[in-house]
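Worksheet: the structure to be examined is printed underneath.
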Amino acid sequence: MAEIDYIPSHHPASEYTCMISDAPRNTFYRNALTKTVKDKIVLDVGTGTGILTAYALEAGAKFVYAIERNPLSAKMANTVLSQCYDSSRFKIIEGNARSKEVIDQIPKGSIDVFVAELLGRAMFDQGQYESWKSFETVCHKHTVYIPDSLVVEVYHWEQLNDNQIIPAEVTYNPIIKNINLPKFENALHNYLLQNISTETNEVKLSYSTKNASEWIDTRCTLGQLKHVNLPEKITRVINVTPKTTDSTLNFQYNIDKNNSVIALNNRISCNVTGDQLEFKNCERLFPWMDSFFYKNLKPGTYEFTFISEESKTWTIKKLNLS
Ligand SMILES: C[S@@+](CC[C@H](N)C(=O)[O-])C[C@H]1O[C@@H](n2cnc3c(N)ncnc32)[C@H](O)[C@@H]1O
C-alpha cells in the first residue's frame with residue numbers, strides 16, 4: 001500500500017487518520033456493534049470516514065443511518081461505503097445531527113442501536129451527551145447505546161516527582177491501519193490518495209513521512225504520561241448515561257496535601273455488552289494533555305467546569321483554602 005504522505009490540515013481526513021488507526025478504540029466499538037446489530041436498525045451519529053457504519057454492516061445490520069455534518073467527510077463515507085456494501089443497506093445524511101431537518105429524516109422509534117463517537121479530549125466536546133437527547137424520539141425503550149456511559153475520573157497522586165512524568169513522543173503515521181476490514185481499509189486508502197488534493201485545491205506535495213510527523217507535532221502540543229504508576233486514589237466524579245436527566249458537567253474536588261498532582265481520565269463503556277474503553281489507553285486521544293493535568297496543587301477545594309462545546313475545555317477554580 002502506498003503511503004499517504006501528506007494530508008492538507010484543513011481536510012477532514014487529517015483528523016481521521018489517528019482515530020481510525022487507534023486499535024483499542026476500534027476494538028471497543030467493533031466488539032459492541034458485533035454483539036448487538038445483527039438484523040437491527042442502527043444510527044451512527046458523526047460517521048466521519050464511515051468506519052463504524054462499516055463495522056455495523058459487516059456484522060449484519062439490517063440498515064444504518066449515518067449522519068455527518070462535514071460535507072467532505074459525508075462524501076468520503078458515502079463513496080467508500082458504496083464500494084464495499086450494498087448501498088440499499090445504508091443512508092448517509094449530511095447535516096448537523098442536532099438540526100430538526102436531519103432528525104426528521106429518521107423514522108420515529110426506529111433505532112435499535114445508537115452508536116456515536118463524538119468524543120474529544122474534554123470528553124463532552126463534540127456533543128456525545130447532547131446527541132442522546134436530540135435523538136430520543138427516534139429511539140425506543142430497548143435501544144442499545146454504544147457507549148451507554150461516559151465517566152470522568154480524577155487520578156490523584158499525592159507524590160509525583162517531575163522526573164516520573166515522561167512526556168511520550170507522539171508518532172504520526174500516515175498509513176491507515178488497525179481497521180481490520182481489508183476491503184473498507186483499501187477503499188478508504190484509495191479514496192484519500194485520489195481525492196484529498198483535488199477536493200481542497202491544494203497541490204499534492206510529495207511530503208516525506210518525517211514532514212508529516214512534524215506537521216502533526218506542530219498542530220497538537222501533546223504531553224502524554226508514560227511509565228508512570230497509577231495513583232492510589234481514583235475518584236469517579238461524573239457518570240452520564242442516556243437516562244441522565246440533569247447532567248451537570250462540573251464537579252468539586254478536595255486536595256488535602258501540598259503539591260498534589262491530578263489528571264482527568266475518561267472512560268466510556270457499553271454496559272449492555274460489557275465493553276469498556278479507558279482513554280488513557282487510546283491512541284486517538286491524549287488524555288494526559290497539559291490542560292487536564294494539574295501539578296503543584298495547594299490544599300483546598302477546586303471546582304472543575306466544562307466550558308461549552310465551543311471552547312472544549314475544563315476550567316479549574318480554587319474555591320477556598322482548607
Ligand atoms: C470523533 S469523529 C468520529 C468519526 C467516526 N465515527 C469514527 O469513529 O472514526 C466525530 C465525527 O462527528 C462529526 N460531527 C460532530 N458533531 C456533529 C454534528 N453535530 N452533526 C453531525 N456530525 C457531527 C464530525 O464531523 C466527525 O466526523
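The values are calculated or read from the model by the stated rules, or taken from the named source; none is laboratory data. Please read these numbers as outputs of a predicted model, since none were measured by experiment. Note: ideal-geometry Cβ built from the backbone for every residue, glycine included; neighbour counts use all protein chains shown.
T137: over 12 Å from the mean Cα position of the chain (by Cα) and surrounded by 16 or more Cβ atoms within 10 Å (Cβ to Cβ), yes or no?
Against the criterion (over 12 Å from the mean Cα position of the chain (by Cα) and surrounded by 16 or more Cβ atoms within 10 Å (Cβ to Cβ)), T137 does not qualify.
Given (1) in the same structural domain as P231 (by TED's automatic domain parsing); (2) at pLDDT below 75; (3) not in a helix (DSSP H, G or I), where does I175 come up short, assuming only one miss?
Just one mismatch for I175, condition (1).
Could you figure out which of (1) closer than 24 Å to N195 by Cβ; (2) of a type outside the set (F, W, Y); (3) in a helix (DSSP H, G or I) isn't true of P24?
Failing condition for P24: (1).
So which residues in the range 248-274 are among the polar types (S, T, N, Q) and within 18 Å of I146 (Cα to Cα)?
Selection gives N266, S269, N271, T273.
Could you tell me whether any residue of the range 212-232 is within 30 Å of T143 (Cβ to Cβ), of a type in the set (S, T, N, Q) and modelled with pLDDT under 85?
no
Do you know which residues across the range 99-117 are within 21 Å of K35 (Cα to Cα) and near the ligand (Cβ under 9 Å from one of its atoms)?
V115, A116, E117
Does L319 fit the bill of being part of a strand (DSSP E or B), surrounded by fewer than 13 Cβ atoms within 10 Å (Cβ to Cβ) and at pLDDT below 90?
yes
Quick one: would you say L52 is out of contact with any Cys (no Cβ under 7 Å at 6 or more places or on another chain) and farther than 25 Å from C270 by Cα?
The answer is no for L52.
Give the residue that is nearest to I111 (Cα to Cα), with candidates limited to residues of the range 43-61 that are away from the ligand (no atom under 12 Å from the Cβ) and either in contact with a Leu (Cβ under 9 Å, 6 or more places away or on another chain) or not assigned by TED's automatic domain parsing to the domain that holds E117 (or both).
A61
Kindly indicate which of E153, E101, E130 is in a strand (DSSP E or B) and either acidic (D, E) or surrounded by fewer than 20 Cβ atoms within 10 Å (Cβ to Cβ) (or both).
Of E153, E101, E130, the one residue that is in a strand (DSSP E or B) and either acidic (D, E) or surrounded by fewer than 20 Cβ atoms within 10 Å (Cβ to Cβ) (or both) is E153.
Filter the range 62-94 for residues that are surrounded by 16 or more Cβ atoms within 10 Å (Cβ to Cβ) and assigned to a loop (DSSP other than H, G, I, E, B); which is farthest from the ligand (Cβ to nearest atom)?
By that ranking, first place goes to Y85.
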